[in-house]
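The values are calculated or read from the model by the stated rules, or taken from the named source; none is laboratory data. Small disclaimer: the values here were computed from a predicted structure and weren't measured. Cβ sites come from the backbone with ideal geometry, for glycine too, and all protein chains shown count toward neighbours. The area values use the complete protein model at the heavy-atom level, side chains included, leaving out ligands, DNA and RNA. Shrake-Rupley method; radii C 1.70, N 1.55, O 1.52, S 1.80 Å.
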Amino acid sequence: MSDDEGGFTSKEKRIVLIACCIAGFISPLLTTMINVAVPNIIGDFDLSEHSGGWPIMAFFLSSVAFLVPMSRLSDLYGKRKMFIFGIIVVLISSLFSALSVSFEMLLVCRVVAGIGTASISSTSISMIAQVYPRSQRGLPLAINTMCIYIGASLGPAVGGLFTDMFGWRSMFLALIPFSVAGLVSMLFFKTDFRTSEGEPFDLKGSLLYGVGIVAMMYGVISLPELFSPVFMAAGAVLLVAFFNFETKERYPVLAVNLFSGRKFRRSTIATLLNYGSSYAVLFSLSLYLRDVGGMKASTVGLIILLQPAIQATVTPFAGRMSDKIDPRYLTTAGMMMMCVGTALMITLTVEVVMFKVYLTLIFTGLGYALFSSPNTNMIMGSVGAKHYSESSGVISVMRQVGMMTSVAVVMCMISIILGTSDAVAGHPELFEPLVSSIRYSFVVCFILAVAGALMTWFSKDNAGTEGSVP
């Protein structure tokens, strides 16, 4: 069957889309639901405000380290198998997260959850692209993207509700029914995709990538510690070695020639800038509204529901339009919305103005909705079927690295301005330093958003120079 002709029944397409959408909903939920529970975790384990970010970072570091290897393993052993494996790992890690008796145990569970999420994320978009022909991908990819963003944005509401009612541990138990639903759905789909069956696994390349990306990102999130530049430099050296090694490897863990395609290269960089500029909005608003505004976790979660409402409304429209018009117009408009949202964050003060908070959520919601599904459609349309898993993995890597970078910028500013030993809740004298750290953080995020807008606008292909990879 050809890529454009498909060959799958409508029922099979629906099964794959449902399973991938459930998984797409779970993955970001694992991250964002813990945002509003950070003050509670800090209190239970007697941590500093800065340390409260590590359950988020441990998950990110693990998932980004395993995304590329998991993409390759799915090509070797089957995308369906790796998807099911990831769901099971997420289910088990969620259970043990709820049973954590120490902060260290919670961090280990978050690392394991990151591995499971990497397995899911590296296969979901790939399987959707595999069962839907190119001319029909816009809407299913938009629906999948919508579920990812709804999961990301509902996370604070789910986390806040369960934290206030039953304690922060209970929010992990809320993931179990969704994990079971995703697992059962995929069991009804019998076809597996092995595009590289029989080829060897590139262990050396996987190690170079994993250690390199973790070292670099650990350096970023550890700023302004003196050792941070050492880790960043070591990570950069290892990643350069990884790319050099992969160009000579017969069976690479990542086909680095994908980046020779102009559309692929610029769209993936734009993904990094999109998330790097905006992901910390929810993290920062959660701290701001809880610590400075004195709101309950459930109240903060309900306020943040405004963002998924915008995304759920606009994302399907953007997905459909990306099949009909130049997606560049949609992605650039999305990045412009992010510019406005991050600019609004720069204007926050100790006096909480809810109208400003609502505007921020509206503009970032529009930014995500207009940018992501058209951008994903461009990326997946620029490669052949053999590279769907790798491309799916690269999208997820760029998304996760962007998320880590965004939160790392905020954590760094908190460390510089507020310090790493004090909790803000209940200490009004610390409100101004916290708000100042958020404002300075979003000066950086605003610059990233502007760079992303320029990247998307000037990504138009010249005739004959698209560089798509078959």
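Along the positive direction of the dipole of the chain (beta-carbon charges: Lys, Arg +1; Asp, Glu -1; about the Cα centre), which of Ile22, Val220, Leu430 reaches farthest?
With unit charges placed on the Cβ atoms, the residue in question is Ile22.
Give me D for region 233-323 in µm² s⁻¹, whole number, from Stokes-Einstein with Rh from the Kirkwood sum over alpha-carbon pairs, 4 °C and 1.567 mPa s.
Values: Rh = 17.3 Å.
Value of D from the Cα-based Kirkwood radius: 75 µm²/s.
Under a cut-off of 20 Å between alpha-carbon atoms, report the lysines in cross-link reach of Lys356, not counting same-chain residues fewer than 8 places apart.
Lys296
How large is the convex hull of the C-alpha atoms of region 42-186 per residue, in Å³?
115 Å³
Using +1 on the beta carbon of Lys and Arg, -1 on that of Asp and Glu, and nothing else charged, what's the dipole of the chain about the Cα centre, debye to 20?
I would put it at about 1200 debye.
Report in % the part of the accessible area of the chain that belongs to carbon and sulfur, leaving out ligands and nucleic acids; probe 1.4 Å.
The computed percentage sits at 69.
Using the membrane-span-like helix rule (whole DSSP H runs, Cα extent along the own axis of at least 20 Å, mean Kyte-Doolittle hydropathy at least 0.5), which helices of the chain qualify?
Span-like helices, by this rule, are 10-32, 54-77, 79-98, 103-131, 138-166, 203-221, 228-248, 327-346, 354-381, 388-417, 431-457.
Given Lys204/Lys386; Lys81/Lys190; Lys11/Lys324; Lys79/Lys190; Lys79/Lys263; Lys13/Lys190, which pairs have Cα atoms separated by over 18 Å?
Numbers: Lys204/Lys386 22 Å; Lys81/Lys190 10 Å; Lys11/Lys324 25 Å; Lys79/Lys190 11 Å; Lys79/Lys263 25 Å; Lys13/Lys190 12 Å.
Long pairs (Cα-Cα over 18 Å): Lys204/Lys386; Lys11/Lys324; Lys79/Lys263.
Whole Å is fine, so just give me how far the alpha carbon centre of region 198-239 lies from that of region 78-140.
Each part reduced to its Cα centre gives a spacing of 22 Å.
Above 35 angstrom, tally the Cα pairs of the chain and express them as a % of all pairs, no decimals.
The answer is 25 percent, as a whole percent.
What is the sum of charges, Lys and Arg at +1 and Asp and Glu at -1, for the other residues whose Cβ falls under 14 Å from the Cβ of Lys324?
Result for the neighbourhood of Lys324: +2.
What does the highest-first list of 292-303, 231-242 look like by mean Cβ count within 10 Å?
Answer by packing, highest mean first, reads 292-303, 231-242.
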